[in-house]
Each structure stands twice: as structure tokens, then as C-alpha cells.
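K.L.:
Pasting a structure below so you can have a look.
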Amino acid sequence: MTAQHDGLVLRGIGKTYGTVNVLRGVDLDVRPGELVALLGENGAGKSTLSSVIAGLVQPDDGARMAWRGRTYAPRSPADALAAGIGLIHQEMRLLPELTIAENIFIGRWPMRGGRVDRAAMAERAGVQLQRLGLQVSPLRKVGTLSIAQQQQVEIAKALTLEARLLILDEPTAALGDEETDRLFEQVHRLKAEGVSFIYVSHRLAEIARIADRIVVLRDGRQVASHDHAQVPPAQLVRDMVGRSVDRLFPHIDAPATDAPVALRVQGLAAPDGRFRDISFEVRSGEVFGLAGIVGAGRTEVVRAIAGVDPLATGTVEVDGHAVRLRSPADAIAAQLVLVPDDRKALGVVLPHSIADNIAYNNLDQVAPGGWLRPQRTLSFAQQLIQRLGVKGRPQQAAGALSGGNQQKVVIAKWLARSPRVIIFDEPTRGIDVGARAAIYEVVAEMARAGLAVVVVSSDLDEVLGLSHRVMVMARGRNQGVLSREQASSARVMELAVA
Amino acid sequence: MSTASSHSTSPDGLAPVATSVNPVSGFAWRDHLIGHVPAISLVVLCLGFALATDTFWSIRNLLNVIDQLTVLGIMALGMTAVIVTGGIDLSVGSVLALSMMVMGWLSNVMGLPMPLAMMAALIVGLACGLGSGLLITRANLPPFIATLATMSIGRGLANMVTDGTQIVGYPDWFSALSINRHMGFLSVTVLLFILLTIAASLFMTYRAAGRSLYAIGGSAEVARLAGIPVKRVTLWTYGVCGMLAGLAGVVMSTRLDSSQPSGGLGYELDTIAAVVIGGASLSGGVGTIWGTLMGVLTIGVLRNGLNLMGVSPFVQQIVIGAVIVLAVALDANKRKV
Amino acid sequence: MSTASSHSTSPDGLAPVATSVNPVSGFAWRDHLIGHVPAISLVVLCLGFALATDTFWSIRNLLNVIDQLTVLGIMALGMTAVIVTGGIDLSVGSVLALSMMVMGWLSNVMGLPMPLAMMAALIVGLACGLGSGLLITRANLPPFIATLATMSIGRGLANMVTDGTQIVGYPDWFSALSINRHMGFLSVTVLLFILLTIAASLFMTYRAAGRSLYAIGGSAEVARLAGIPVKRVTLWTYGVCGMLAGLAGVVMSTRLDSSQPSGGLGYELDTIAAVVIGGASLSGGVGTIWGTLMGVLTIGVLRNGLNLMGVSPFVQQIVIGAVIVLAVALDANKRKV
Amino acid sequence: QGQGKKIGLAVANLQAEFFNMIKQSIEAYGKQKGYTVVTVDAKGDATTQVNQIQDLLTQKIDALIYIPAGATAAAVPVKAARAAGIPVVNVDRNADGAPGDTFIHGESLKATRELGEWVCKQTGGKGNAVIIHGQKGTTPEIDRTKGFMEGISKCPGIKVTQEQFTERWAADEGNKIAQDMLQRDPSVSIIFGQADGIALGAAQAVKLAKPGHKVWVVGYDGDIGGLKAVQRGGLDATVTQPTFTMGRMAVDAVTDLLAGKKPPADQPKDGVLTTKDNVAKFLKAHP
Ligand SMILES: Nc1ncnc2c1ncn2[C@@H]1O[C@H](COP(=O)(O)OP(=O)(O)OP(=O)(O)O)[C@@H](O)[C@H]1O
Ligand SMILES: Nc1ncnc2c1ncn2[C@@H]1O[C@H](COP(=O)(O)OP(=O)(O)OP(=O)(O)O)[C@@H](O)[C@H]1O
Ligand SMILES: [Mg+2]
Ligand SMILES: [Mg+2]
């Protein structure tokens, strides 16, 4: 293999699981100081390719890799790290019981006199957090952080690796614009020092801002490669999904002015004070957005509404009937459901099949009279995953799906409950453009069918593109509700950081 | 025995080929075999003993084996449910002892009619199980610790009932329950065990409540968000496990024709081993009644066969340890073989 | 005792205030107390016994308590490491027995010098631990099953060494190791235990290898991603745990001036209980040597105090169960109190 | 005489030295007499023992030597053996409802009475005594307590000030309990451990406590460890149970029963008080 440069050279990378070809003959070059964006649909093989490079997964025979002019064949993540290649994984991998500092320096503890130097560790972690704009003590336990904050910790960990090549697999999936900007500053700083990046994301706008080159995968094969980032998004979408997606956001008619109020929330407050005085109404057929920067408390609010966390005060009414919320079961009985943000911890049982996962939410439907019908369970699941375009079969374990497909399964299992009120928390986290359009279409369908839909998202375009009205939150308070006409990005951000 | 559920590690009791993580293998027969590791281990074991001794392979001895494992088997049914929810119950041996002591005390000391005393044994077992369940669901104790405490307290109480002495003198019909083999082979206790196994298998595979055990074991938080009343289901799982331990105590009493406060000492580990040999995972979400039956039979056949071969007791301990390792290792590594 | 690590459930040994879940508590002293539940339970227990008996609260008795818990304490150190990695070791009691039988056999039957025989006991313990570790890391057995098998095999071997009989007749200096109290209070075995505790605490808190145990217990996959040699560290953790069990066997021999094949029967549950009372979590990633020391002291004080009060063993079982529940429940629910 | 006949030996618990010695004696003597001995160990659990005896019967044993497990003897195994037409020799314990064809046992009442009287005499009839019992509620525990109390009742100057039970008759339990008893009352001058293991553990506790006066420590069973301790002065006395004789008697009883002879229904073997004076001969050839 002749390497014309000093970076990473991949030739003929293949990976098969059983008889499924996840990667087929991928070639990739990453030069020093260069950022290559890796695009592709859910399940295209981006994470698998990243894992191969980082030594987590062994490629099939015939794959050749070179790094900094030498043959490179990592047998374990330790080998990759030793060679200066670091990965932040798409699914966050942090230890909830340990502090932020320790999570960042796990496996590379700074030592002094044979002892782990805790002071240095905390200090260096603190500096890195500062750079990313995360204002928390490095001595806090990671388990107490929000998803977004955890993602920032993960980024901080990657940035302190002192790696020469960093693979970032959807680092911004849970982040807002503010945090994304901070990340990019750091990326630019490191690039200037000659660090290379492989950057995986479904956010095309980001790619345009940061990429030097773009490589697109489809079904495990490299289908397009662009030597600059100024590629029209429509072109990229076509590369990824093999067809054009003309309209991302569907049109959803505003609810009639006399449409009944389906969800009324009054004076909610959390026992720990993370939010209070939250009141709003959502009409039947209306899409109601919740915007705010990371840590604003949106997830907490919707968790409380869905009965997941206890409330200190406040009432929740569905169709005019007050719901007594002691558990999620109460909310579900009142036809109010929440599609949670953390699919791994809250969404699916990874080792169990898709059909089982869907059945767990819908036991009353697949087990009439309490008796489970295996055939019915399978066909029920089949219908749902077809509707959402999940790449997989009902009998497949959820853990063997790509991240985006798992997210679709999570949505599918809640769709089937035919609720009156559905709350989506970060519904498109890690979802590709094509699937994203499909999910937006589902949202629209639900609204058209007269459901009240609440959408929480850190993707401002998403909230603005879908919602009839947007409530902006900051520090656990309602900063104001904007109608679609009033809701510009500038106005929302103004309220969000107020 | 049970046609209802027929596959080991697949939590849904559907065809194991279908739930394979590996979507297309091409070797259908291999995949099929792989789904039955516990059953295959058992068959190999039986063949071995049949060749090694001339007494193993006889109707009479196989009936003995089944007879011998009723106590363990009944406890293992409840333990399967507990383990599938991701828990563990160390108290079954003690609960068994307490239940049989209370039964004996009520009937032979307090003069209660035997059937009522037998009911009381079940209730005592249920109460112990619910006690553990409350500690787990309300006081947030890890199951290992909650049931370790119940184990210690239960054994203490069992001993206190009669200050450590055994209770003898049950009516003849009582001991006949496990001794009289109707139709030449079915004693009442064996019949009871068979019926319970079938019922448990149907429950775990086809009842919505049974399926929710798998959801809870897979991830309690996912199950809770799905609207499953996790705490209630968990509580009753331990309750039922305790009640079955109580029933096992009654069965043990009929077999011994007496109640012993030291009865069932150390049975918790045997029971757990049986369930795990049957393919269940201690991290929860995986396991079937069919698999457990295989595990219970494996332990029963092993003990019986080693006795028939006249293997010395110390060597038996070594062989049993080795077989547990082999059976579980085969199951754990079946995809890699 | 150890100044190195001074907080119970916080695995990093830093101030528990900083790691508080509840960001707006305002009651710093409360948070501070909350970090020390195991220590507080212990103090309450001591106060109770000091009031209930007039013999508990004396230097002499407290020395007795420490003396009595050396065996349990030494095993609990290794068990803490194992539990922090998310594992469990059921074999410690059997390994203890096997080690002391091998030691006795080598010295009294084969005529090896005593110090060499003592070394051999440690090596036997190490080998058993490594055996379990290999089953776990190479054959992918769950730790519960791997160590259950080692437990059964180890006990069988311990019995086979002398066909089940005890070994007596050690040199006088050997038994003096635990009997002669130098400087009026420190026997060699107690000194050994204290030094080992300090070393273990420093290791778990400040050594990179010690910290990696927490990473592995938190998530083996994360640890692997971070470049930690998970299998190797796990293997040696079981190895060390086994070696400490072997050492505990030597200490038990000096205390009893004999080697018993039935020694350490059931100790595994006591050891695990001590570690969990000390705030460790069986799901891994949490636990400290300091906490374990509190747990070991709690169990030691409890047994000693109940004996001083002349409580019958049946009632002792009940009280011990109840105290385990209380201590762990307080710890598990401390944030909610 | 055995001519390859098979004896099934069901032992209560091989972790107890006493049972283990009987087992060794039966195996050795049985082999010498031409029998095949198949041994099973119930590890103290009665149900396990019932299962094991079932398996022995399946193996077509010709005679059963039954050392019952559990607190007291269970009747079921004897009934099962009878049903199979096999003679049963009970050792150590006998079930109330279903006695064996013969019953060979150590007589603990008389021997512990002698032990008590000996203690009485040696101590000059004065002192504070403590008893560390075996497993509460078991037949030997009850008998040994009764005999010892009778023995020391002749000396009103001896008071039993503390009693505690072990769970497993084990040395480490005896050690801890004795340590705590001495802590509670340092004036203790007599310790009776109901098994040699318990007494040995207690003797170690005395060494550690250094109470400053003579503490008499006596045990029971006369297993090898106990006898050695008596010889070296670790224990002051024990009662030697003729375990090897009992084992040989059991095999002889089997021979008689198979030959159609009927041995006596009850064959008690007295334990022998063992002190420094007579220990040497027991160590040379255990009775
Ligand atoms: N262990 C496995 N066994 C079988 N198939 C697997 C396994 N891991 C991944 N796959 C399959 O490989 C394909 C590629 O997965 P991968 O995670 O690389 O996709 P991705 O491009 O990262 O998608 P996403 O954008 O959703 O994260 C998917 O179809 C997935 O189902
Ligand atoms: N009591 C709790 N138990 C478990 N998880 C909690 C609890 N409270 C909050 N969380 C988690 O913390 C996160 C709350 O995030 P945060 O405080 O950042 O609010 P947010 O505005 O929803 O943030 P984001 O913008 O990321 O959605 C959620 O992911 C939620 O799952
Ligand atoms: Mg991916
Ligand atoms: Mg959120």
C-alpha cells in the first residue's frame, strides 16, 4: 500500500455479521489536520467503520489500514489509543458513579509519586469543561448530569486524549447550537495543531460549517466523495438516501380556533426546584414546541407530565379530566404518552427482540384477555416497523440495530398506543435525513388526526419547522410562548438565554 | 413434559432460530441445536450414566430421580421468575424450613387439622416472599441483601418454633402423598410438580404478566415507562417464589414424614444453579421454565448417577462443580463454538 | 485506622458534599453525615451494646472484637475488590479451607518447614482465585456460577487432602502469631490485618490499577474503550481475592491451632454482607475499603455483643438479619431521609 | 465372609470428625471382611439422605448402615429399606417410629456424667462453669447437657454461669463464644465444649485471655485432634467414643443379619473418660 500522506489510509475495509455485509470495500483517506465528514443513512455503517478504526471491531480479512506511514491493525481499543487514535462513541459511554474528572481521565489517570493526582485531574478536567462552556464542578458524579451535559463530558474526554486522530460519532446529537459552537472552536484549535478528525453527523448544516471533505456511505459502500464542504444539501441527501427528499417539514394545518384543549398543564413545580410555574395548553390537532438551551429543564417537565418523576405541585388535565400521576401507567391510562430522549436507558431493552420490545408497551393489544398471541405480536410489530421504515426484522434483537433504527423502534412502540397526547423528547436524535422526514410525517399525521403533540428538541429548526406554537424555557421557567409567526430563531434564542 | 415453551435462552419462547442475534446463519440445524444446549447436556449426562451403570436406565430409577427433585423443582419454578426479573432469592431454603415447622407446629402442637396447617405453610411462605419483596421495592434494598436477611431471619424463626427439635407424627395419608405411586408411577407430589411446571411455563410464555417479567428483567426503567407496574409485579414475584418455597416445605415434610428446622439448608444455591444451568441469566431478562426443568433434571440426574456409581462424597462435590462449569460454559459460548 | 480513604459510598474518596445529587440542599452537615451511614450505624450499635452490657465497652473486649474479625476482615478486602468490579466470589470459604488443609498436610504430613507451607497456602489460594478468574474471563461464565463451581470443587478437595479429618500439632510459635499480644495489644495477625487494610485502601483509592476496578465495575465496555486491560485486571482481582482467602485460612489455623476441612463453611455470605453493609453495590463500581472495614466491624461487634448478652443463636440469626436490613436500607435510602 | 456383598453406608455429615471416623472404620473393616462399601454423605440434610438411600436401594445393596442426618433421626429411610427387604443397622441415632434391626450408639448420658464427676473432683468442687453446646435441639446436645449437669450436681460449689449454643459444632464457633464468655466473666474456671472441636477452640481462647488462674477445659468425642490435645495438655479431659469399635460392630451386625442371626436391638457403647493418664493407649489404637 502506498501512502502518499502521513495520515490514516483505509483500503478495502469489509465487515460481515453472519451473512450481512455491513461494510463492503470501503476506502478512506484522512490527512493530518483534516476533518472528513462521514455521512449516510441510519444503518449505513458509519459507526461500524468508526469502530473498526478504533479497534473495537475486527474487520474481515483483506482489510488494510495504515496510520502515520505504518501498517495499522488494532486488536483492541488500547492499541488504537496507544497509536493516538481516539473515538467518542455514538452511544454515550460514561460511568455514572464516578466523577466527571475521573470519567475524563479513566485509564490515563495523571500520577504523581505513584498516586493518582486528584488535584491535577480535577484541574485539567475543569479547564476542558470551561472551554466547552459546561459550568459544573468536575467533582460532580456523571450520573447527576443531563444527557446533553454527559455528551459534553464525553467530548471533553475525547479532547484530552491527546490523540492525533479523533473520531467523533454524532457528538452533537444531544447538543444545542451554543454548545455546538463551543465544540467547533475546540475542533478548529486542534486542527490547527495537526489533529485529524472523522466526524459523523446527521446535521447537514454543521457539516457545511466544519468539514474539509465529505464521504457518503450507503449500505456499507462508499457512494460519494466531495473534496470540499460546499455541497448543496439536496445533493448530499440524494447521495445518502438515493432519492431526493423535497420537503423536510410537512405542512400541518393550524387547529381550529374552537378546537378543544387536549392537554392542560397548570402550575407545575418539581420537588427539587429544577422547574416551577409551568403552565400551558395544547389543543387537539396542535403541535406545541418546547425550546431552550441545554439544561433548561424541558426533559424534566415532560417527564413529570408523563408521570415518570414526581411533582411537587401542579395539575395535568387530558381532555378536561385531571390525571392523577403516580406512575407512567397513570399517564398511559389517560392516553398521555412520552417518547423519552435516552433510548438506551429508557427506550428499549437491547438484548430483546423488536417484537418483544413493542409488545411490552402494548400488552393489552397483543395479549387480549391476558393471553399473548405470538403470531399477532409478530404481525403487530411488522406493521409498525414497516410504517417507520425500520431496517430490521421483528425477531431481531434491538441491540443489533443501528442507533437511528433503535430510535425508530422507540417511536413505533409508543405510536401503537393510539394516544390522545403524545410528547416527543428529542425525537430525531441520531436520525438520518430521510428517516427524519418520515418521522415528521408521522408527527403531522398525528396532529391531523386530532392528537395534541408536544415536541421537545434541541434542534431549533426542528421545533420551529413543526410547531404551531413554541414555549421557550430557561432555568426551569417559562420565558414566553411564541406563535409560529413570532417564533424566529433570533427571538427564541433571545428568550432562551435571558 | 411441557409442550408450551420449548426453547431455552430465548426470552419469548418463540423459535430460537427466529430470535437469533445472528440473522442469517445458513446452518439451520446448527442453530437449532444451539438453542437446546441445556437439554443436550442433560441427554449426554444420561447416556453417560446409562453406559457406566446398569441400574441408571430403568423406569424405577428414573421415577426415583423425578421423585427426588420435586422439592428442588418446585422451588426452581419460583426462582426462575425471580431471576428473570433480574433478582435473586437466597431465602428459599429458610422459608421452606419455616413453613414446614409452622405446619408441623400448627397440626401437631396446636391441633389444627392437617389441610389447614398445609394452607398455613403456603401462607407463611407467601408472607416471607412478600416481606423480601417489600424490602426490595419499598426499602430499595438489593435483592441479594434483602433475601439474605430473610434467609437469616427465617432460619432463626424456624429454629425457634420448637427450639431446634424436629416434629414427627403426621397422619399416614400425609406421607402417602409422596410415597404411593398411583397408576404405578405418579405420586401426588410428582403430579403436583408436573402440573405446576406446565402452569408456570404457560404463564411465563403466554400471559401478559409473565411477559412483563422479561421486560422488568431487561430494564426496569424501560418497563416502568411502558406502563408496567414494576413494583407491584416484582413484589408478587417474590411473594409467589416464597409461596412455592412453602409448598416445597410441605412436600419435603411428606417425603421425610417429619419437619426439620434445618431442612433446606443450602438449597438456595442448588436452586439458583439449576435455573442458571437452564440458560437463565443472573442479569435478568432471560430464562424459561423449560430450561429450568432441564437444569433441575441435570442436577437431579447428576446426584443420582454419581450415587449409583458409588462415587465417594468428596469426589462428588468436585464432579458437580465441574459439570456446572461445563453446562453453563457451553451455553454461554454457544455462538462461538 | 486508615486515613487514606475516609468516605464510604463515594468511590473516589473525595468529599461526599461535592458529589451530592441534590444540588440545592443547604444542609452541609446533613450531607456530611449522609456520607457516613455505615460508620454511623456502627457507632449506634456500639453505643447500644455499651449500654446493654457492662462488659462490652472495655479495651480488652474491643481487642477481642478486632481479633475475632481478622479472618472475615482479610477475606472482605479481596471481596471488596471483586464486588467493585461488579463480580462476586462465593468460593472464599472453601478456598480458605483448602489452603489451610494443604498447609497442614505439607507441614505435618510431608514435613515441609512451616514457613514454606504457609507460602504454599497462599499459592493455593491464588491458584483457586485465578481458576475462577479464568472461568469468568475466558469461558465467559457469570462470576456467580464460576465461583459457585470453585466453591464446590474447593470444598471437595479440602476434604480429600486428609479424607475429611482435621490436622493438629503445629509449632508453638505458629499459634502464638495470633495469641501473643505485643505491646499489650497487637498480635501479629491483627497487625497484618491492619497493614493489609491500609494497603488495600491506598491501592483502591490512589493506584491506577485500583481505580480501574471502579471503571470495570461501572461498565466493562467503557473500561475496555478507555484502553484498560479488562480481562487481565479481572483475572488478577479474583486471584488476589483467592490469595487473601488463603491467607485468611492461615490466620484461622493459627487461631484454632489446627486445620479443619469444614473451616469457613458459609463465610462467603458473611463476607459479602460485610462488604455490602459497608456501602458497596453488587452491581459494581461502588464501594470502599473504609466502608468494608465498617461493615466487618458491624458484623463483628454484633456477634460479640449478642454473645456477651447471652442471646441464643436462633435469636442472633434474627437480629443479624434485621441489622443487615437496617444498615443497608439506611444507606440505600439516605438521600430520601 | 462378605463375598462381595454390597453395604450401603449413609453418613449424616462427613464434615464432623465423629461421623468421619465411623465411616473410615466401616470402610476399612468392611473391605477386610470382603464387602464393597458404598458411602454417601448427606451433609447434614435429611432430604438429601432420603434421596441417597433411595439411590443405594436402586443399586441393590445387601444391607444398609444408616447414620441419620438432621436434628433427629428420620423414619422414612428405614421404612424404605424394610420395604425392599434389606436389613438396617442404625448408628448413633434411632428413629422413634421405625427403629433399625439393631442400634449401635455411643452412650453419652453415662459418659458425660463421669466427665462431670471428674471435673467436680479435679476442681475441688468449686468454680464457675460454662457450657458451649452443640447444635441446639439435637439428640447428642440434649444428652450431653443432661449427663454433665448430673455429674456436677454433686458439687454444689460449681455453678453453671453461662451457656451458649453453636450452630455447627465447629471449632471457630467455640473459639469466639469462649472468648466472649471469658470477656463477660473472667472468673470462669471450667469450660465444657460438647465436641472436641468446640473445646479446642475454647482452649485457644483461654490461652489468649490469660485469665491468671487455671481454667479446666473438657470436651467430648475423643477424635484424634482432641486426644492429641489431651496428651499435650491443651484439653484436660475428653470422652473417647469408641468410633472404630462402633464401625466394626456395625459391619459385624451386617454379617449377622445377612446370616439370618438376630443381633440385640440395642447395642450401646460407653464412651470412656480420657485424661492424660490413659490417653496414650487411645492414641496408639483408637477404640
Ligand atoms: N453486532 C451486530 N450484529 C449484526 N448486525 C449488526 C451488528 N452491529 C451492527 N449491525 C448492523 O450493521 C449495520 C450498520 O450499523 P451502524 O451502527 O454502523 O450504522 P450507522 O451508519 O452508524 O447508523 P446510525 O446513523 O443509525 O448510527 C446496521 O444495519 C446494523 O443493524
Ligand atoms: N430524577 C431523575 N432521574 C433520572 N434522570 C433524570 C432525573 N432528573 C433528570 N433526569 C435526566 O436529566 C436530564 C434533564 O436534562 P436537563 O436538566 O439538561 O433539562 P433539558 O432542558 O431537558 O435538557 P435538554 O436540553 O438536554 O433536554 C434528562 O435527560 C433526564 O432524563
Ligand atoms: Mg451510528
Ligand atoms: Mg432533554
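Bear in mind these aren't lab numbers, they're just calculated from the coordinates by the rules spelled out. These numbers come from a predicted model, not from an experiment. Methodologically, a virtual Cβ is constructed for each residue, glycine included, from the backbone with ideal geometry; neighbour enumeration extends over all protein chains shown.
K.L.:
In debye, nearest 20, what is the charge dipole magnitude of the range A:8-241 about its Cα centre with +1 on Lys and Arg Cβ and -1 on Asp and Glu Cβ, if you could check? Provide the component values of the computation, followed by the final result.
P.N.:
Numbers: 29 positive and 27 negative charges, 120 e Å.
Value, rounded to 20: 580 debye.
K.L.:
Across peptide A:137-148, what mean number of C-beta atoms from other chains lies inside 10 Å of a residue's C-beta?
P.N.:
Partner-chain Cβ atoms within 10 Å, mean over residues of A:137-148: 3.
K.L.:
Find out how many positive minus negative residues lie around A:A80, taking Lys and Arg as positive, Asp and Glu as negative, among other residues whose Cβ is under 13 Å from that of A:A80. Mind showing how you got there, number by number?
P.N.:
Numbers: positive: A:R68, A:R75, A:R164, C:R224; negative: A:D79.
Neighbourhood net charge equals +3.
K.L.:
Roughly speaking, what % of Cα-Cα pairs in the range C:117-246 are separated by over 24 Å, rounded to a whole number?
P.N.:
45 percent
K.L.:
Only bridges whose two residues both fall in the protein assembly as shown count here: according to DSSP, what percent of them are antiparallel, nearest 5?
P.N.:
40 percent
K.L.:
Also: Quick one: dipole size for the protein assembly as shown, taken about the Cα centre, charges +1 on Lys/Arg Cβ and -1 on Asp/Glu Cβ, in debye to the nearest 20.
P.N.:
Values: 122 positive and 108 negative charges, 187 e Å.
The dipole of the protein assembly as shown has a size of about 900 debye.
K.L.:
Let me confirm one metric for peptide C:242-251, namely the mean number of other chain beta-carbon atoms within 10 Å of its residues' beta-carbons.
P.N.:
0
K.L.:
In the range D:233-251, which residues have a backbone nitrogen under 19 Å from the label point lying 7 Å from D:D270's Cα in the Cα-to-Cβ direction?
P.N.:
Flagged as within label range: D:237-247, D:249.
K.L.:
Let me ask another. Which of the listed residues, B:V275, C:L306, A:L23, is farthest toward the dipole's positive end in the protein assembly as shown, when Lys, Arg count +1 and Asp, Glu count -1 at the beta-carbon?
P.N.:
Comparing the listed Cα positions along the dipole, A:L23 ranks first.
K.L.:
Now for a separate question. Identify the trypsin sites (Lys or Arg not before Pro) of the range A:3-79 meeting these criteria: DSSP loop state and at most 14 other C-beta atoms within 10 Å of the C-beta.
P.N.:
A:R75
K.L.:
Another question, if that's okay. For chain D, what does the helix formula give at 222 nm: sum of -39500 (n - 2.57) over DSSP H segments with n ≥ 4, over the residue count, nearest 500 deg cm²/dmol?
P.N.:
Value at 222 nm, helices only: -13500 deg cm²/dmol.
K.L.:
With the cut-off at 30 Å, report for chain A the share of all Cα pairs above it, as a whole percent.
P.N.:
Percent of Cα pairs beyond 30 Å in chain A: 49.
K.L.:
Could you list log10 I(q)/I(0) for the range D:156-287 at q = 0.09, 0.13 Å⁻¹, which the Debye formula gives when each Cα is one point scatterer?
P.N.:
-0.33, -0.61
K.L.:
Under the rule of -39500 (n - 2.57) per DSSP H run of 4 or more residues, summed and divided by the residues of chain A, what mean residue ellipticity at 222 nm is obtained, to the nearest 500 deg cm²/dmol?
P.N.:
Numbers: 17 runs with 164 residues, N = 498.
Here the helix-only value at 222 nm equals -9500 deg cm²/dmol.
K.L.:
With only alpha-carbon atoms counted, please give the Rg and Dmax of the range B:53-336, in Å.
P.N.:
Computed over the Cα atoms of the range B:53-336, radius of gyration and Dmax are 18.7, 60 Å.
K.L.:
Relative to the longest principal axis of the C-alpha atoms of chain A, give the angle of the C-alpha long axis of helix A:177-192, reported between 0 and 90° and rounded to the nearest 10°.
P.N.:
Relative to chain A, helix A:177-192 is tipped by roughly 0 degrees.
K.L.:
Okay, moving on. Can I get the semi-axes of chain D's equivalent ellipsoid? Compute them from the C-alpha gyration tensor as square roots of 5 times the eigenvalues, in angstrom, largest first.
P.N.:
37, 18, 16
K.L.:
Please report how far the C-alpha centroid of the range A:13-43 lies from that of the range D:4-51, rounded to the nearest whole angstrom.
P.N.:
Cα centroid of the range A:13-43 versus Cα centroid of the range D:4-51: 68 Å apart.
K.L.:
Set the Förster distance to 51 Å, then compute FRET efficiency between B:M119 and D:K154 from the Cβ-Cβ distance, nearest 0.05.
P.N.:
FRET efficiency, B:M119 to D:K154: 0.50.
K.L.:
List the distances, in nm to one decimal, from the label point of C:G48 to the label points of the same position in every other copy, shortest first, placing each label point 7 Å from Cα along the Cα-to-Cβ direction.
P.N.:
The projected label point of C:G48 is separated from its counterparts by 4.9 nm.
K.L.:
If you fit an axis through the alpha-carbon atoms of helix D:139-152 and take the longest principal axis of the Cα set of chain D, what angle between them do you get, 0 to 90°, nearest 10?
P.N.:
40 degrees
K.L.:
Give me the distance between the Cα centres of the range A:382-415 and the range C:238-268, rounded to whole Å.
P.N.:
53 Å
K.L.:
Using the 4.7 Å Cβ rule, please list in number order the cysteines from the protein assembly as shown without any candidate partner.
P.N.:
B:C46, B:C128, B:C241, C:C46, C:C128, C:C241, each lacking another Cys Cβ under 4.7 Å.
K.L.:
Taking beta carbons within 10 Å but only from partner chains, what does the mean come to for residues C:277-288?
P.N.:
Values: counts 1, 0, 0, 0, 2, 5, 5, 2, 4, 3, 1, 0.
Other-chain Cβ atoms within 10 Å of each residue's Cβ, averaged: 2.
K.L.:
Still on this model: Once you keep just the Cα pairs under 8 angstrom separated by 6 or more residues, what percentage relative contact order results for the range A:261-496? Walk me through the numbers before you get to the answer.
P.N.:
Numbers: 498 pairs, mean separation 67.0, N = 236.
Once divided by the residue count of the range A:261-496, the mean separation gives 28 percent.
K.L.:
Based on DSSP H assignment, which helices of chain B show an axial Cα extent of at least 20 Å together with a mean Kyte-Doolittle hydropathy greater than or equal to -0.5? Can you show the working numbers first?
P.N.:
Numbers: long enough: B:37-52 (22 Å, 2.51); B:70-84 (21 Å, 2.29); B:114-137 (34 Å, 1.95); B:143-161 (26 Å, 1.06); B:188-206 (27 Å, 2.28); B:230-256 (39 Å, 0.98); B:289-308 (28 Å, 1.15); B:313-332 (28 Å, 1.98).
Flagged H segments are B:37-52, B:70-84, B:114-137, B:143-161, B:188-206, B:230-256, B:289-308, B:313-332.
K.L.:
Right, something else. Order by neighbour count: D:C120, B:C46, fewest other Cβ atoms within 10 Å first, most last.
P.N.:
B:C46, D:C120
K.L.:
Going highest first, how would you order D:23-30, A:191-198 by mean Cβ packing within 10 Å?
P.N.:
My ranking of the peptides, most packed first, is D:23-30, A:191-198.
K.L.:
Could I ask something else about it? Sort B:64-76, A:461-473 for me by packing, meaning the mean count of neighbouring Cβ atoms within 10 Å per residue, highest on top.
P.N.:
Descending mean neighbour count gives B:64-76, A:461-473.
K.L.:
Let me ask something else about it. So what is the calculated 222 nm ellipticity per residue for chain C, using -39500 (n - 2.57) for each DSSP H run with n of 4 or more, over all residues, to the nearest 500 deg cm²/dmol?
P.N.:
Roughly -22000 deg cm²/dmol at 222 nm, from the helical runs in chain C.
K.L.:
What does the highest-first list of B:94-103, A:321-330 look like by mean Cβ count within 10 Å?
P.N.:
The packing order, highest mean first, is B:94-103, A:321-330.
K.L.:
While we're on this one: Provide an ascending nm list, one decimal, of label-point separations from B:A199 to the equivalent residue in each further copy; define each label point as 7 Å from Cα along Cα→Cβ.
P.N.:
Taking the point 7 Å beyond Cα along Cα→Cβ, the inter-copy spacings are 5.7 nm.
K.L.:
Continuing with the same structure: Given B:A139, B:L47, B:I83, which one lies farthest toward the positive end of the charge dipole of the range B:32-191, if we put +1 on the Cβ of every Lys and Arg and -1 on the Cβ of every Asp and Glu?
P.N.:
Farthest towards the positive pole: B:A139.
K.L.:
What lysines does A:K141 reach when the alpha-carbon gap must be under 18 Å and sequence neighbours fewer than 8 apart in one chain are set aside?
P.N.:
Output for A:K141: A:K157, C:K334, C:K336.
K.L.:
At a threshold of 8 angstrom on Cα-Cα distance, excluding pairs fewer than six apart, so keeping six or more, what relative contact order does chain A reach in percent?
P.N.:
16 percent
K.L.:
In Å and from the alpha-carbon atoms only, list the Rg and Dmax of the range A:430-498.
P.N.:
Rg and Dmax of the range A:430-498, Cα atoms, are 12.9, 36 Å.
K.L.:
Could you work out the Kirkwood radius for the protein assembly as shown, taking every pair of different alpha carbons, averaging 1/r and inverting it, reported in Å?
P.N.:
Working: mean 1/r = 0.0289 Å⁻¹.
Evaluated over the protein assembly as shown, this radius sits at 34.6 Å.
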